[in-house]
Every structure is written in structure tokens, then in C-alpha cells.
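Enquirer: Quick one: this structure, given as C-alpha cells, is what I'll be asking you about.
The values are calculated or read from the model by the stated rules, or taken from the named source; none is laboratory data. Quick caveat, the model's predicted, so the values are computed rather than measured. Quick reminder, even Gly has a Cβ in these numbers, built from the backbone with ideal geometry, and neighbours come from all protein chains shown.
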Amino acid sequence: MKPGNCLLACLSLTLAGGAALAQNWDALGKSWWSHIQFLADDSLEGRDTGSRGFEKAAGYMAEQFRAAGLQPAGVDGYLQSMDFQVVRIDESRCSLDLLRDGKAQPLKLGDDAVLGVSSHAAENVEAAAVFVGYGLTVPELNYDDLAGQDVRGKIVVLVTGGPADMSGPIKAHYQSGEERRKALLKAGVIGTISIMNPKSAEVPWSRTAGSRFQPRMELSDPGHDVPPPLPLSIQFNPAHAEMLFAGSGHTFQEILADLNANKPLPHFPLVVQVHARVGMTRSEGKSENVVGVLAGSDPQLRKEYVVVSAHLDHLGIGEPVNGDRIYNGAMDDASGDASLIEIARALKDSGAKPKRSILFLSVTGEEKGELGSQYFAAHPSVSGPLVADLNMDMYLPLFPLKYLEVQGLDESTLGDDVRAVAGQAGVQIQADKEPDHNRFIRSDQYSFIKRGVPALAFKFGWIPGTAEEKTFKAWYAERYHAPADDLSQPVDLAAAAQFDAILEKLALRVADADRRPEWKAKSFFRRFVQ
Ligand SMILES: [Zn+2]
């Protein structure tokens with residue numbers, strides 16, 4: 001038996017309860033963790049896009065890719081550099097008022113609402129506001145929250161999410177920034193006030209407020225067809241949202257009740273005018289993707305690339321929480337980068353000769369809106385077609401790997417591949433349990449999906465009502481995008497190594513298959529195939 005096959009057999013044995021080889025997973029898990037110890041160390045200062053800490057992390061990834069036998073596949077060695085427009089908020093020059101009967105009610109920034117900034121943000125906006133429910137426009141369902149509303153030149157107020165009977169992928173796609181902007185710009189809307197749907201909120205308001213001083217970054221060269229940001233974007237604290245509705249004949253409580261009862265939301269003009277002054281400072285920045293390739297062995301198929309990806313950036317240094325200012329991003333997403341390295345090394349050690357090439361991609365700018373992957377998908381540094389993306393972002397190995405939750409499971413033939421590979425390892429596959437969290441479009445895989453490339457993303461799975469569910473949800477509440485996502489948290493190292501082995505087998509299976517992966521006939525995402 002070749003070592004490559006051994007891994008799989010060992011995996012089933014161990015998961016079936018055989019203790020003899022458990023040691024193996026522990027050692028592999030420690031090796032995986034050692035990369036996180038480097039990448040999430042305080043000295044890397046949270047790996048903010050364009051920062052010194054990020055540069056150190058990129059250097060480490062390039063060195064590890066080299067050691068794992070990958071060929072450099074960036075533009076300059078392993079690196080693919082890109083330019084950014086950087087916009088920072090200057091709150092000393094900002095204000096937000098609600099105007100009612102000629103009287104101004106000043107809002108407290110950070111407490112009541114947060115102003116967004118962008119390359120297209122206006123510095124002074126005063127306009128009427130209209131509540132438009134979920135603010136969604138979905139042509140194929142003839143669903144349009146903007147229809148029949150006078151929204152031209154106005155600000156729309158919306159609750160995130162969508163009707164309960166709308167399918168997860170459709171809801172997710174039309175809530176993506178680009179699709180929303182296309183529909184809103186077409187309707188002549190000049191700004192949005194978004195109220196996070198309490199049903200799907202992942203972080204407390206305090207963390208949203210705390211992140212408002214993070215610089216906003218946009219690609220200088222985003223590729224064609226990317227709609228510009230709206231002149232005004234505001235996030236409103238759901239706990240204070242009632243003040244927007246006062247005098248309109250509706251209350252936010254009533255809207256929440258409709259939402260919780262899965263009833264259609266009303267649409268109506270608000271009686272307040274909104275006046276925003278937005279102070280900004282602008283600059284330019286630069287950062288890099290790190291790209292390595294295990295070249296394929298088949299003379300034809302080697303021109304096709306199976307992408308395995310993770311993001312290298314995190315949030316940098318920010319608002320202190322319990323005295324800690326460094327957002328280390330150990331799970332988000334140093335864990336994915338560590339897996340890239342471990343999978344590449346395992347392939348090298350096994351002597352595997354996949355037919356297609358396998359491309360290892362550690363991207364920048366994910367936390368700024370999936371910018372590094374968007375840039376790579378628009379300007380690939382390799383010439384052949386990208387045939388799949390297997391993205392690892394915060395897959396959360398917090399407990400033993402019994403269930404693997406897969407986003408995009410039923411969208412493409414990749415779902416069949418992951419079922420087969422996980423089945424051999426004794427791991428059960430679960431579909432996305434929380435489709436309202438939009439995870440299929442909330443990480444780098446979406447940059448590929450939008451260009452027609454089938455993709456999957458992963459989370460450790462759990463059964464509702466169990467201790468694992470508690471652990472998973474507590475992680476979001478306490479550590480997600482917080483300084484506590486650091487090296488002191490408990491992680492199941494052996495389970496992470498088992499996950500890496502499944503991803504390795506999955507990449508190999510896709511790289512060796514006779515046919516490239518395809519979207520399922522009924523998949524919503526099939527429309528992006530070029
Ligand atoms: Zn993140």
C-alpha cells in the first residue's frame with residue numbers, strides 16, 4: 001500500500017475507534033498547530049491587509065510552500081501583488097441626524113449607528129428614507145422589495161435576510177454587496193440603512209461598533225462589471241432602531257414580529273429625513289496573495305487547476321476587548337493556511353502524482369470583502385482554467401470530527417466527491433444548517449463561484465441540542481472577530497489533522513477525475529458559467 005492510501009485507511013481505523021494509530025493524528029495535529037503558532041503570534045499583529053505583520057505571514061507561507069515542494073505560481077515568485085484604495089473614517093468630522101418637523105435629533109455614532117466609508121462615499125447627504133423590508137430584488141422570482149416604492153434620490157432602510165420561503169442560495173446571492181448595489185443603483189437609491197436581522201446576527205452590536213475604525217479597502221483594479229459603492233451606507237443598532245420608525249404608523253417591534261412569524265414585511269415611507277456628514281481620509285496600499293502549485297502529471301489535464309484556498313489576512317490591531325488589542329485570527333483563518341501547508345506536505349510525502357495541477361492559494365484582503373480572491377479570479381497568475389475551489393475559512397475544529405458541514409453541497413458534483421471521501425473516513429456529511437448566515441457567499445469561494453467555478457466550503461458539523469452545538473455557538477459569541485480568537489483557545493488538534501486528510505483526498509480525487517466538476521442542472525449558481 002502506498003503511503004498515500006495508508007492515510008485513508010488509518011483515518012477510518014482511528015475514527016472507528018482503533019486506538020493504535022491515534023498517536024499519528026496527534027503528531028500531525030501538532031505540526032498543523034505549529035504554523036498557527038507562528039501566524040497567530042502577537043508579533044504578527046493580527047495580519048491586517050497591507051501591514052508589516054501580514055508581510056511576515058506571506059513570507060512564512062512562501063517559505064512553507066517551497067519546503068512542501070510546491071512550485072512558485074505567483075507573479076513574482078510565490079507572490080501576486082495588488083494595489084488598494086484605502087479609506088478611513090475620521091469621526092471628528094462625522095455626524096448623523098434624524099430630522100423631524102424641522103428639528104434635528106443627533107445620533108450617537110457607535111452607539112446608535114455606524115457610518116460606512118468608501119471610495120464613492122459622499123461627504124454630506126440629506127435625504128428622505130423609505131422602509132423597504134429586506135430590500136431585495138430577485139428577477140427570477142418576480143420578487144422586488146423596491147417595486148412601487150418612490151426610492152429615487154432616497155435612502156432605503158432594510159432588515160438583512162429574506163423571506164423564509166426563498167431558497168438559501170438565492171437569498172444569499174441577492175444579498176451580496178454587488179447584487180444589492182446593482183439593483184439599488186438602478187432604482188436611483190443613494191444610500192442604505194441596514195438593520196441586522198436579530199435572527200441571524202452573529203456578533204453583538206458592540207463588536208460591529210468596535211470595528212468601524214478599520215480602514216475600508218477596495219481593489220484599484222477590481223475587474224470589469226463591478227458596480228461602485230453607494231454614496232451612503234449606514235448600519236443601525238437593532239436595539240435602537242425604533243427611533244427610525246417613530247411617527248410612521250409602524251414600529252420596529254411590529255416588523256420583528258412579522259419577521260419572526262415569516263410574514264411578508266410592510267413597505268412604507270418614514271417620516272424622518274436623514275442627514276449624514278462623513279469625514280474620511282484616503283490613501284493607497286498594497287498586499288499580496290501567496291500562490292504555489294503541485295504540477296499535474298497528465299499532459300492535457302495538467303493545464304487545469306484545482307484550487308485549494310484559505311485567507312491569510314485578519315483584522316490587525318483594533319479596539320481593545322478585556323485589555324487585548326491584537327486580533328490574532330488563529331481560527332480565522334490561520335487554521336486554513338496551516339491546512340494548506342499540511343495538505344501540500346502530505347501530498348509531497350505520499351509521492352502523489354495528480355493528473356490535474358493543484359493550486360494552493362493563500363489570499364489577502366478577505367476581511368476587507370474577499371479582495372485577494374476577487375483579484376486572483378479576475379487576474380489569475382496561471383494560464384489554464386480553474387476547475388474547482390475548495391476553500392477553508394475558519395472550519396472550526398473545536399471538537400472531534402464526526403460530522404462535516406459542507407456549503408454548496410448540493411450545487412455541484414463536488415458534493416458527490418466530498419460525500420465519497422468523507423464516507424471512506426467514517427465522517428458524516430451535513431448540508432448547511434444555517435443557510436440564513438449566507439456562509440456559501442461569505443468567503444473566498446464566492447469569488448470563484450461568480451466566475452462559474454464550482455466550489456465548496458466547510459465547517460465542523462454538529463447535531464442540534466448537543467454540547468458541540470453549544471461549543472460552536474459560544475465560539476461565535478466570544479471569539480469570532482474578537483481578540484479572543486488567539487492561541488490560548490482550546491482546539492482539537494487531532495481532529496484538524498483528520499480534516500486535512502479529508503481535504504487532501506478530496507483535492508486528489510477532483511484532480512484525478514476523468515471529468516472536471518460541474519454545477520448540478522438545477523443549481524442557481526450554474527448561471528455564472530462563462
Ligand atoms: Zn473573518
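Enquirer: Inside the range 288-312, can you point out the residues that are closer than 19 Å to S362 by Cα and not hydrophobic (A, V, I, L, M, F, W, C)?
Expert: Taking the range 288-312 and keeping what is closer than 19 Å to S362 by Cα, we get 288-295, 304-312.
Of everything in the range 288-312, those that are closer than 19 Å to S362 by Cα and not hydrophobic (A, V, I, L, M, F, W, C) turn out to be E288, N289, G292, E304, Y305, S309, H311.
Enquirer: Next question, about the same structure. List the pairs whose first member sits in the range 380-402 and is of a type outside the set (F, W, Y), whose second member is in a loop (DSSP other than H, G, I, E, B) and within 16 Å of the ligand (Cβ to nearest atom), and whose Cβ atoms are under 7 Å apart, counting only residues at least 6 apart or on separate chains?
Expert: N391/S443; N391/D444; D393/S443; D393/D444
Enquirer: Any idea which residue in the range 307-316 is nearest to the ligand (Cβ to nearest atom), counting only those that are part of a strand (DSSP E or B) and hydrophobic (A, V, I, L, M, F, W, C)?
Expert: Applying the first criterion (part of a strand (DSSP E or B)) to the range 307-316 yields 307-311, 314, 316.
From what is left, the residues that are hydrophobic (A, V, I, L, M, F, W, C) are 307-308, 310.
Values: V307: 19, V308: 19, A310: 11 Å.
So, considering only residues that are part of a strand (DSSP E or B) and hydrophobic (A, V, I, L, M, F, W, C), the one nearest to the ligand (Cβ to nearest atom) is A310.
Residue-wise test of (1) among the aromatic types (F, W, Y); (2) within 14 Å of A338 (Cα to Cα); (3) at pLDDT below 95.
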site	(1), (2), (3)
G29	no, yes, no
S34	no, yes, no
L44	no, no, no
F54	yes, no, no
Q71	no, no, no
G74	no, no, no
L96	no, no, no
L99	no, no, no
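Enquirer: While we're looking at this one, here's another question. Of all strands (runs of 3 or more DSSP E) completely enclosed by the range 193-302, which ones contain at least 2 residues that are polar (S, T, N, Q), in contact (Cβ under 8 Å) with a residue 24 or more places away in the chain and surrounded by 15 or more Cβ atoms within 10 Å (Cβ to Cβ)? Walk me through it before giving the result.
Expert: Working: elements: 216-219, 232-236, 268-277, 280-294.
Per the criteria, 232-236, 280-294.
Yes/no matrix, rows are residues, columns are (1) buried (at least 20 other Cβ atoms within 10 Å of the Cβ); (2) touching an Asp or Glu at 6+ places or on another chain (Cβ under 9 Å); (3) not in a helix (DSSP H, G or I):
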{"residue": "G29", "(1), (2), (3)": "yes, yes, no"}
{"residue": "S34", "(1), (2), (3)": "no, no, no"}
{"residue": "G74", "(1), (2), (3)": "yes, yes, yes"}
{"residue": "S92", "(1), (2), (3)": "no, no, no"}
{"residue": "L99", "(1), (2), (3)": "no, yes, yes"}
{"residue": "A104", "(1), (2), (3)": "no, yes, yes"}
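Enquirer: Is it fair to say D514 is away from the ligand (no atom under 16 Å from the Cβ) and surrounded by 16 or more Cβ atoms within 10 Å (Cβ to Cβ)?
Expert: Working: away from the ligand (no atom under 16 Å from the Cβ): yes; surrounded by 16 or more Cβ atoms within 10 Å (Cβ to Cβ): no.
So D514 fails the test.
Enquirer: Taking the range 384-396 as the region of interest, how many residues are away from the ligand (no atom under 16 Å from the Cβ) and either surrounded by 20 or more Cβ atoms within 10 Å (Cβ to Cβ) or at pLDDT 95 or above (or both)?
Expert: Matching residues across the range 384-396 total 6.
Enquirer: Go through the range 165-192 residue by residue and tally those that are assigned to a strand (DSSP E or B) and β-branched (V, I, T).
Expert: Residues of the range 165-192 assigned to a strand (DSSP E or B): 191-192.
From the residues that got through so far, the ones that are β-branched (V, I, T) too are 192.
Residues flagged as assigned to a strand (DSSP E or B) and β-branched (V, I, T) within the range 165-192 amount to 1.
Enquirer: So which residues in the range 461-499 are among the basic types (K, R) and either within 16 Å of the ligand (Cβ to nearest atom) or surrounded by 15 or more Cβ atoms within 10 Å (Cβ to Cβ) (or both)?
Expert: Just the residues of the range 461-499 that are among the basic types (K, R), to begin with: 470, 473, 479.
The answer is R479, and nothing else.
Enquirer: May I ask you to list the residues in the range 76-90 that are surrounded by 16 or more Cβ atoms within 10 Å (Cβ to Cβ) and of a type in the set (S, T, Y)?
Expert: Y78 - this is the single residue of the range 76-90 that is surrounded by 16 or more Cβ atoms within 10 Å (Cβ to Cβ) and of a type in the set (S, T, Y).
Enquirer: Given S335, S357, which one is hydroxyl-bearing (S, T, Y), buried (at least 24 other Cβ atoms within 10 Å of the Cβ) and closer than 20 Å to M394 by Cβ? So that I can check it myself, show each step before the final result.
Expert: Values: S357 fails: closer than 20 Å to M394 by Cβ.
The match here is S335.
Enquirer: Looking only at the range 401-408, decide whether some residue is within 16 Å of the ligand (Cβ to nearest atom) and either of a type in the set (V, I, T) or within 17 Å of the chain's Cα centre (by Cα) (or both). Lay out the reasoning, then the answer.
Expert: Of the residues in the range 401-408, the ones within 16 Å of the ligand (Cβ to nearest atom) are 407.
Those left that are additionally either of a type in the set (V, I, T) or within 17 Å of the chain's Cα centre (by Cα) (or both): 407.
Yes, some residue in the range 401-408 is within 16 Å of the ligand (Cβ to nearest atom) and either of a type in the set (V, I, T) or within 17 Å of the chain's Cα centre (by Cα) (or both).
Enquirer: Right, here's the next one. In the range 349-370, which residues are within 16 Å of the ligand (Cβ to nearest atom) and either of a type outside the set (A, V, I, L, M, F, W, C) or modelled with pLDDT under 95 (or both)? I'd like the intermediate steps shown before the answer.
Expert: Of the range 349-370, the ones within 16 Å of the ligand (Cβ to nearest atom) are 362-370.
The answer is S362, T364, G365, E366, E367, K368, G369, E370.
Enquirer: Oh, and also: Only one of I449, I441 is under 29 Å from W205 (Cβ atoms), under 23 Å from the mean Cα position of the chain (by Cα), among the β-branched types (V, I, T) and buried (at least 21 other Cβ atoms within 10 Å of the Cβ); which? Walk me through it before giving the result.
Expert: Values: I449 fails: under 29 Å from W205 (Cβ atoms).
Sole residue among the options that is under 29 Å from W205 (Cβ atoms), under 23 Å from the mean Cα position of the chain (by Cα), among the β-branched types (V, I, T) and buried (at least 21 other Cβ atoms within 10 Å of the Cβ): I441.
Enquirer: Continuing with this model, one more query. Mind telling me which of the residues E319, E284, E304 ends up being within 16 Å of the ligand (Cβ to nearest atom) and of a type outside the set (K, R)? Walk me through it before giving the result.
Expert: Values: E284 fails: within 16 Å of the ligand (Cβ to nearest atom); E304 fails: within 16 Å of the ligand (Cβ to nearest atom).
After ruling out the rest, the residue left standing is E319.
Enquirer: From the list R509, R516, pick out the single residue that is among the charged types (D, E, K, R), part of a loop (DSSP other than H, G, I, E, B) and in contact (Cβ under 8 Å) with a residue 24 or more places away in the chain.
Expert: Values: R509 fails: part of a loop (DSSP other than H, G, I, E, B).
So the residue among R509, R516 that is among the charged types (D, E, K, R), part of a loop (DSSP other than H, G, I, E, B) and in contact (Cβ under 8 Å) with a residue 24 or more places away in the chain is R516.
Enquirer: Any idea how many residues of the range 67-112 are out of contact with any Leu (no Cβ under 9 Å at 6 or more places or on another chain) and without any contact (Cβ under 8 Å) to a residue 40 or more places away in the chain?
Expert: 5
Enquirer: Do we find a residue being out of contact with any Ser or Thr (no Cβ under 9 Å at 6 or more places or on another chain), assigned to a loop (DSSP other than H, G, I, E, B) and either of a type in the set (F, W, Y) or within 20 Å of L301 (Cβ to Cβ) (or both) anywhere in the range 366-382? Break it down into steps so the answer makes sense when it comes.
Expert: So the first thing to find is which residues in the range 366-382 are out of contact with any Ser or Thr (no Cβ under 9 Å at 6 or more places or on another chain), and the list is 369, 379-381.
Right, trim to assigned to a loop (DSSP other than H, G, I, E, B) and you get 369, 379-381.
Adding the requirement that they be either of a type in the set (F, W, Y) or within 20 Å of L301 (Cβ to Cβ) (or both) leaves 380-381.
Checked against the condition, which is being out of contact with any Ser or Thr (no Cβ under 9 Å at 6 or more places or on another chain), assigned to a loop (DSSP other than H, G, I, E, B) and either of a type in the set (F, W, Y) or within 20 Å of L301 (Cβ to Cβ) (or both), the range 366-382 yields at least one hit.
Enquirer: Can you name the residue in the range 322-348 that is within 20 Å of E288 (Cα to Cα) and among the charged types (D, E, K, R) and is also nearest to the ligand (Cβ to nearest atom) among such residues?
Expert: This residue is D332.
Enquirer: Does E367 meet the test of being more than 21 Å from the chain's Cα centre (by Cα), of a type in the set (D, E) and on the phi < 0 side of the Ramachandran plot? Before you say what the answer is, go through the steps one by one.
Expert: Numbers: more than 21 Å from the chain's Cα centre (by Cα): no; of a type in the set (D, E): yes; on the phi < 0 side of the Ramachandran plot: yes.
Against the criterion (more than 21 Å from the chain's Cα centre (by Cα), of a type in the set (D, E) and on the phi < 0 side of the Ramachandran plot), E367 does not qualify.
Enquirer: Applying the selection to the range 220-247, what residues are at positive phi and either basic (K, R) or touching a strand residue (DSSP E or B) at 6+ places or on another chain (Cβ under 9 Å) (or both)? Don't jump to the end; show me each part of the working.
Expert: Restricting attention to the range 220-247, the residues satisfying the condition of being at positive phi are 223, 225, 247.
Across the range 220-247, the qualifying residue is only G247.
Enquirer: Enumerate the pairs (first residue in the range 351-365 and more than 30 Å from D313 (Cβ to Cβ); second residue anywhere and modelled with pLDDT of 95 or more and of a type in the set (A, V, I, L, M, F, W, C)) with beta-carbon separation below 9 Å, excluding pairs fewer than 6 apart on the same chain, so at least 6 apart or on different chains.
Expert: K355/L301; K355/A511; K355/A513
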